[in-house]
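Single-structure report; data block below.
The values are calculated or read from the model by the stated rules, or taken from the named source; none is laboratory data. Not measured: the values here are computed from a predicted model. Every residue, glycine as well, gets a Cβ built from its backbone with ideal geometry; the counts of neighbours run over all protein chains shown. SASA here: full protein model, heavy atoms, side chains in, ligands and nucleic acids out. Shrake-Rupley method; radii C 1.70, N 1.55, O 1.52, S 1.80 Å.
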Amino acid sequence: MEPPADYHMHTPLCRHARGEPVEYAAQAVKLGLTEIGFSDHSPMRRDDFDNWRMRHDQLDDYVAKVRQAQKEFPQLTIRLALEVDYLPGHEEWIRELAARHPWDYFIGSVHYVSDDWDIDNPAKLSEWKNRDTFEVWSVYFDRLAMAAASGLFEIIGHADLPKKFGHRPVQDCAPLYDKFLTAAKQHDCAIELNTAGLRKDCREIYPHRDILKLAFQKGVPITFGSDAHAPEEVGMDFNLAIQLARETGYRECRRFELRQRRMVGF
Ligand SMILES: [Zn+2]
Ligand SMILES: [Zn+2]
C-alpha cells in the first residue's frame, strides 16, 4: 500500500516558511512518499491585505519553483496547488486565480472570521480575549460551510482551526460540524487530516476525532497534509493521522490531477 500523499506544503514566498520546493521534494523521497502537492498561501487581489502570503506578481515564480521540483524529482509525483483563503465576496477573485494556471487542486481555508481578524495569527492572539469563543467558532464554521458549498475547492483545510491556541467552546458544536459536513458531502468536497495541529498549543490533529467520525458517517472523503512550512515537516506525524483515519473507518483517501478526483487506498 502506498503512503498517503502530502497535499499541504508551503514555500518561502509566503514569507513565513523556509526551504525551497526542491528541498521539500528531497525530504519526501527520503521518507518514501510517492506523491506530494504544494499548496502555498495564494495571493489576494490586494497585496496589502496582509503580510503572510505571496504577492500577486509572484504567482508565476511559485509555479516555476514547483515545476523545477517536478523536473529534478521525476520519481515523485508533485502536484501544483494553492491554499486559498475563503472570505465571502472573494469568489470572483478565486475564479480568476483558478484560470491562471493548470492547478491540480485548491485547498479552501478559512483563517479570517472578519476582514481584519485572522484567528490563527499569533500577533492577534489577544483579540480572542475580546470575543466570545462560541461566537467565533460559529462564524468560522458558517464560513467553512460556505467555502464547501462554493464549489471552488477540492479540499477544505484544517477544519477546526479555531482550536489552535486552545480556545474551545463549552457549548455543543455538533450542529456547527453537521452543517459544514453536510455542505461538504453535497458538493463532493474533501476534508484534510492536517498534522500541523500537533505542533501547536492544541496538540491535536485538525480536525478532532468527533468531526472526522461525523465526516465518515456522511461519506465525506479525506486527504492528508503536514502543512509543512519547513522541509523537515514534510509527512510529519502521518503515522498518527493514518491511525486516526483508520480508527474512524476510512480506508481510502482522495487524490487529484488537474482538478479531477480519484480514490486510492492507504
Ligand atoms: Zn502558513
Ligand atoms: Zn492554513
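Below is a table of values for the structure above.
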item: All positions within segment 222-236 that are within 12 Å of ligand 1 (Cβ to nearest atom), open to solvent by 10 Å² or more (accessible area, probe 1.4 Å) and more than 14 Å from Ala5 (Cβ to Cβ); result: His229, Glu233
item: Boolean, Asp178 is on the phi < 0 side of the Ramachandran plot, in a helix (DSSP H, G or I) and open to solvent by 50 Å² or more (accessible area, probe 1.4 Å); result: yes
item: Selection status of Ile107, within 16 Å of the chain's Cα centre (by Cα), crowded, with 18+ Cβ neighbours inside 10 Å and touching a residue at least 60 places away in the same chain (Cβ under 8 Å); result: yes
item: Enumeration of residues in segment 234-266 that are free of Cβ contacts under 8 Å to residues at least 60 places away in the same chain and under 17 Å from the mean Cα position of the chain (by Cα); result: Met236, Asp237, Ala245
item: Odd one out for Asp60 among (1) in contact (Cβ under 8 Å) with a residue 12 or more places away in the chain; (2) under 19 Å from Phe106 (Cβ atoms); (3) acidic (Asp, Glu); result: (1)
item: Residue in segment 21-50 that is surrounded by the fewest Cβ atoms within 10 Å (Cβ to Cβ), counting only those that are away from ligand 1 (no atom under 16 Å from the Cβ) and part of a loop (DSSP other than H, G, I, E, B); result: Asp48
item: Residue in segment 238-253 that is within 16 Å of ligand 1 (Cβ to nearest atom), within 23 Å of Ala81 (Cβ to Cβ) and of a type in the set (A, V, I, L, M) present; result: no
item: Per-region count, segment 186-216, residues over 19 Å from Cys173 (Cα atoms), open to solvent by 10 Å² or more (accessible area, probe 1.4 Å) and touching a strand residue (DSSP E or B) at 6+ places or on another chain (Cβ under 8 Å); result: 1
item: Cross-chain or 6+ apart pairs with Cβ under 9 Å, segment 73-92 first and of a type in the set (Ser, Thr, Tyr), then away from ligand 1 (no atom under 15 Å from the Cβ) and open to solvent by 30 Å² or more (accessible area, probe 1.4 Å); result: Thr77/Thr34; Thr77/Gln70; Thr77/Glu257; Tyr86/Arg143; Tyr86/Met146; Tyr86/Ser150
item: Output for segment 151-164, where each listed residue is away from ligand 1 (no atom under 16 Å from the Cβ), in a loop (DSSP other than H, G, I, E, B) and out of contact with any Phe, Trp or Tyr (no Cβ under 7 Å at 6 or more places or on another chain); result: Gly151
item: Residue among Ala183, Ala196, Ala148 that alone is in contact with a helix residue (DSSP H, G or I) (Cβ under 9 Å, 6 or more places away or on another chain) and more than 20 Å from His8 (Cβ to Cβ); result: Ala183
item: Number of positions in segment 29-55 that are away from ligand 2 (no atom under 16 Å from the Cβ) and farther than 19 Å from Asp104 by Cα; result: 9
item: Members of segment 4-23 that are away from ligand 2 (no atom under 16 Å from the Cβ) and either of a type in the set (A, V, I, L, M) or at pLDDT below 95 (or both); result: Ala5, Val22
